[in-house]
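Visitor: My questions will all concern the structure given below.
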Amino acid sequence: MNVTPNKSRSKFTGRRILQLILQLVVVVVITALGSIGNGAVEGNAILTLLIGLATSAAVVLGYIWVVQRTERQAPLEMAKKGAGAAVGIGAMIGLVLFGAVILNLVFLDYYTVSGLGSPIGALGLFGVLTAAAVTEEVMFRGILFRIFEEWTGTWIALVITSMLFGLMHLANPNASLWGALAIALEAGGLLTAAYVATRRLWLPIGLHIGWNIAGGVIFSTEVSGNNTPQGLLDATLHGNILLTGGSFGPEASLYSVVFCVLTAIVFMWLAYRRGHVVPLRGDAHKTATAKSDQ
């Protein structure tokens, strides 16, 4: 199946920009309300978990609603068929990738576990990290990448939104330029490639959730330099900063960059095989003209 931009939606118009802004506003408002709720129940892990899950559901439903209202069509990237399986597969990939990073750090004696951490606290952390994953995927892959791709083609949109995704993480407490670049390369590239390969948001959502849960909830490491609370394990990272990620966490590890970029390459290979890569608008026009002349 070849994927090309919808001609009625691919023009760089004021209306299309307004649609993008309105969609972002809806998602940001829902996320802000979730953050306010978390602040109101700070210290209560169960309520934090429930608010996180409710925020995740509200973001998905809000996105579907605003796309239907602004674009006059149902968002195919949120099609229900196969959603659960895709989220589950994505979560497993995220867990395996992060687990591979930790395994290498254990081998180097850079990651040590002293005992059990905070199982109750891990529940609340699960809710917070799940909401963050869902929100970021809807914003960056569902809205920004999807609309930018219509104007620029897949590769330029991938670069632009990946860099924006990395830059956003510079606002985190323990941010660094290398950490932001690592996020752009590994997360921006991998999650966008997962979306392009499937043309659905469910796989990247699951992958993002699995990665976040592995890092914060299970292995109790820093997640994107956010001063992440303790998860299930009482664990510490020490050693070479390029391999451990330092205060930013394992997402700034060279292991993470290499493993995620390699996985992104596999997804983009699948995307090409499935005809899911949108060419530059000029290239698409040349291709269509050449076909019409044959």
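The values are calculated or read from the model by the stated rules, or taken from the named source; none is laboratory data. In this text the structure is predicted, and so the values were computed from the model without any measurement. Here the Cβ positions follow ideal geometry from the backbone for every residue, glycine too, while neighbour counts run over all protein chains shown.
Visitor: Inspect all residues belonging to segment 123-133 and state whether any of them is closer than 24 Å to Leu262 by Cα and either part of a loop (DSSP other than H, G, I, E, B) or of a type outside the set (A, V, I, L, M) (or both).
Guide: No; the residues of segment 123-133 include none that is closer than 24 Å to Leu262 by Cα and either part of a loop (DSSP other than H, G, I, E, B) or of a type outside the set (A, V, I, L, M) (or both).
Visitor: Filter segment 46-102 for residues that are part of a helix (DSSP H, G or I) and polar (S, T, N, Q); which is surrounded by the most Cβ atoms within 10 Å (Cβ to Cβ)?
Guide: Thr55
Visitor: Turning to a different aspect of this structure: List pairs: first residue in segment 186-202 and within 15 Å of Gly142 (Cβ to Cβ), second residue of a type in the set (Ser, Thr, Tyr) anywhere in the structure, Cβ distance under 7 angstrom, at least six positions apart or on different chains.
Guide: Close Cβ pairs satisfying both conditions: Gly188/Thr161; Gly188/Ser162; Thr192/Thr161; Thr192/Ser162; Val196/Thr154; Leu201/Tyr195.
Visitor: Can you tell me which residues in segment 103-124 are small (Gly, Ala, Ser) and buried (at least 18 other Cβ atoms within 10 Å of the Cβ)?
Guide: Matches in segment 103-124: Gly117, Gly121, Ala122, Gly124.
Visitor: Could I ask something else about it? Going residue by residue through segment 21-33, is there one that turns out to be in contact with a strand residue (DSSP E or B) (Cβ under 7 Å, 6 or more places away or on another chain), modelled with pLDDT of 95 or more and surrounded by 12 or more Cβ atoms within 10 Å (Cβ to Cβ)?
Guide: No.
Visitor: A further question follows. Please state which of the following conditions Leu164 fails to meet, knowing it meets all the rest: (1) modelled with pLDDT of 95 or more; (2) surrounded by 21 or more Cβ atoms within 10 Å (Cβ to Cβ); (3) closer than 23 Å to Gly34 by Cβ.
Guide: Tallying (1) modelled with pLDDT of 95 or more; (2) surrounded by 21 or more Cβ atoms within 10 Å (Cβ to Cβ); (3) closer than 23 Å to Gly34 by Cβ, Leu164 fails exactly one: (2).
Visitor: May I ask you to list the residues in segment 223-250 that are surrounded by fewer than 24 Cβ atoms within 10 Å (Cβ to Cβ) and either under 19 Å from Val134 (Cα atoms) or among the hydroxyl-bearing types (Ser, Thr, Tyr) (or both)?
Guide: Result: Asn226, Thr228, Thr236, Ser247.
Visitor: Starting from segment 70-88, keep only residues that are basic (Lys, Arg), then list their pairs with residues that are crowded, with 17+ Cβ neighbours inside 10 Å whose Cβ atoms are within a distance under 8 Å, requiring at least 6 positions of separation or different chains.
Guide: none
Visitor: Please work out if Val278 is over 27 Å from Ile156 (Cβ atoms) and assigned to a loop (DSSP other than H, G, I, E, B).
Guide: No, not satisfied.
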